[in-house]
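J.: This is the structure, below, for whatever I ask next.
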Amino acid sequence: MCAQDPVTGSSSRQIPDRAHAVGPGWLPLLGRLHERVITAWPGYQLVDLKEKFGGLRIRLEFPEGSESSTLRALVEAAEEEAAVTCEFCGALGRARTRGDVPGGWLKTVCDNCHLAWTAHQIMIINGVVRRRSA
């Protein structure tokens, strides 16, 4: 089963097709993951790519006969890297809520982006950081 792109309605099959589902700060690590996976498994299929609870979630369909443990390790490494990478800008970050209030929406953010996000000055829409007008 392949992921349905909510924007275009098309079936997206690999990471670059769905990179807009998360913030631009994670694009470099997604690009590296795609290059590593496609080298070993050119026909891999992306099932899901999203941000959830402040972290990156990636589900790939394992090609028949592939070494699934190797593929899982690559995905886990990318998810672990995202856990310390600001989703907005790519700087060193950590999972936080707006204003560090317990029980709020989690995002992995750096200190600078956390301030702007807490003040509702920035948001991510279709993989692009948007600034709210004053």
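The values are calculated or read from the model by the stated rules, or taken from the named source; none is laboratory data. It should be emphasised that the depicted structure is a prediction, and the values quoted were computed from it without experimental measurement. Reconstructed Cβ throughout: ideal geometry from the backbone, glycine too, with neighbour counts over all protein chains shown.
J.: Given PRO16, PRO63, which one is at pLDDT 90 or above and not hydroxyl-bearing (Ser, Thr, Tyr)?
T.: PRO16
J.: To continue, here is another question. Checking the condition hydrophobic (A, V, I, L, M, F, W, C), touching a residue at least 40 places away in the same chain (Cβ under 8 Å), closer than 18 Å to ARG18 by Cβ and surrounded by fewer than 14 Cβ atoms within 10 Å (Cβ to Cβ), which residue from VAL75, VAL128 passes?
T.: Unique residue meeting the criteria: VAL128.
J.: Limited to the stretch 108-134, what total is found for residues that are over 21 Å from GLY31 (Cβ atoms), part of a strand (DSSP E or B) and touching a helix residue (DSSP H, G or I) at 6+ places or on another chain (Cβ under 7 Å)?
T.: Within the stretch 108-134, residues that are over 21 Å from GLY31 (Cβ atoms), part of a strand (DSSP E or B) and touching a helix residue (DSSP H, G or I) at 6+ places or on another chain (Cβ under 7 Å) number 1.
J.: Name the residues in the stretch 30-42 that are loosely packed, with under 14 Cβ neighbours inside 10 Å, over 16 Å from the mean Cα position of the chain (by Cα) and not in a loop (DSSP other than H, G, I, E, B), would you?
T.: Of everything in the stretch 30-42, those that are loosely packed, with under 14 Cβ neighbours inside 10 Å, over 16 Å from the mean Cα position of the chain (by Cα) and not in a loop (DSSP other than H, G, I, E, B) turn out to be THR39, ALA40.
J.: While we're looking at this one, here's another question. Test each condition in (1) crowded, with 19+ Cβ neighbours inside 10 Å; (2) at pLDDT below 95; (3) not small (Gly, Ala, Ser) for GLN45 and report the one that comes out false.
T.: (1)
J.: Just need a number here: residues in the stretch 56-81 that are over 13 Å from the mean Cα position of the chain (by Cα), in a helix (DSSP H, G or I) and not β-branched (Val, Ile, Thr).
T.: The qualifying residues number 6.
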